[in-house]
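Working notes, structure below.
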Amino acid sequence: MEACEFSQGHYVSGFVELTKENIDKLVTLVGSELCSAGIELYSGDDSKAHRELPTFQFEEKFANFKVKVELVTLKVHDQYFIGDNWNKLLSYSNYVLNPVELVFVANEMTVHSHLTPSEIFTRYQNAAKVCQLIKQVANDVTASEDYLVIFGQSLSINFAIDETALAYDIDPESLEELLSRDLHKEAKTGLVREALVAFLKNIDKAKRFTYLLTHFNAFATQLLASYEQYVNNYSFDKVRREHQEKKTEYICKINKVFDDVATKTFAIPAGVWLAASKIEEGGLGSLIFYKNIVFVLIVFVLAVIVCLNLLGQFSSLSAIKNEYTPLFERLKKEKGIDGSEVDTYLDDLKTRYNIVWYKLATSMFVAVTMFIIVIALVCYATN
């Protein structure tokens, strides 16, 4: 494009040759909202006509013409970014966490992508990998999209950065490989959290991620040294003891699922006893009949409340199972751990899970049965 002029509102205008190929390209840009639909046709320095894309069709009589077009200089898309500089892109934390595939920097008139690799684009991609690592170990995400890491104290990290963060080469592959292995997975997650808190706790929140990227190699070295020390001090007896404690903890959680609603289930026998003691014989349409109906409704409400509570506990029970199953499956893969012992842990948990499941199911059955008994008593009293 020739004779480029930048204007307010993130647009740049200039001239291109009026050819069929260029018109086709402009139509594509219009379809992507990257170009103004209105174009001016020029012969020399004189404006000859105004046309609209995509309705305008190229003709041979325009062979020596030029066309003045207006292109967008700021466009943020999930797959590409067009903007004045890198800082504009990096100000969007979402596009640091989820990098775009193509970057066009208008001020430099340069394209950065996998097909046209550059040093700064590689660093941008690596910064996104560091974001994914932090996301993987983060305990929570705040409403302002800060990632919260907790180890002794809480540390929030926001991924919005500026171009200075891309001034240094970083190599996150070693940490990616470290966290991708199942061996010592919980311990490694804890080590990364501990390292992040220790490394960034004294850094201003707005500068934490930039500081991490500019000092990433030092951070990675410290973390790998901590992991090596952990491995050297690793005791399989200690791990076995910890997982025995985990098994006991999960059994207590499973038992608690029923214990939380056990007291509420007594409402049904109490309601039935109250209804049975108050139900009197009375003909259809009499005052006593309507009193009996009220007792039935009371027991019905109690039965519904108890059943809803019990149904909710089934979900809690399933969630606990989904939590402990992958934990012990990973444990089986660790070196030095007896797989049969882990299977025993899982069998014990499965047995306890089945017992509590049947307790909940039986409680629901009893609640429904007692409600039916009350209806039967009312029907008998009415006859």
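Scalar couplings 3J(HN,Hα) for region 207-221, obtained by applying the Karplus form with A = 6.51, B = -1.76, C = 1.60 to θ = phi - 60°, are 10, 4, 5, 4, 5, 4, 5, 6, 10, 5, 4, 5, 4, 4, 4 Hz; x denotes Gly and Pro.
Give the residue list of trypsin sites (Lys or Arg not before Pro) in region 98-191 that are DSSP loop and have at most 13 other beta-carbon atoms within 10 angstrom.
Numbers: sites: ARG123, LYS129, LYS135, ARG181, LYS185, LYS188; in loops: ARG181.
Loop-located and lightly packed - ARG181.
All Cα-Cα distances of region 123-232, cut into 5 Å bins from zero to the largest, leave 2, 12, 24, 26, 21, 10, 3, 1 percent in each bin in turn. Considering the zone a paramagnetic label at VAL368 would reach in this model (a point 7 Å from Cα along the Cα-to-Cβ line), which residues of region 295-315 have amide N under 13 Å from it? Of the residues in region 295-315, 304, 307-308, 311 have backbone N under 13 Å from the label point off VAL368. Amide H contacts for LYS48 (H built 1.01 Å from N in the peptide plane; partners 5 or more residues away or on another chain; cut-off under 5 Å): LEU41, TYR42, SER43. In units of the compact-protein estimate 2.2 N^0.38 Å, region 24-111 shows a Cα radius of gyration of 1.35. One chain, two ends: ILE355 and LEU308. Fully extended at 0.36 nm per residue, the span grows by 15.0 nm beyond their Cα-Cα distance.
In this label model, TYR92 and ILE150 are separated by 3.2 nm, measuring between points 7 Å along each Cα→Cβ vector. Among the GluC sites (Glu not before Pro) within region 141-185, those in coil by DSSP and having at most 13 neighbouring Cβ atoms inside 10 Å are GLU145.
Rule-based calculations on the coordinates, nothing more; no lab input. Only a predicted model underlies this, so the values are computations on that prediction, with no experimental measurement involved. Neighbour counts are summed over all protein chains in view; Cβ atoms, including those assigned to glycine, are modelled from backbone coordinates with ideal geometry.
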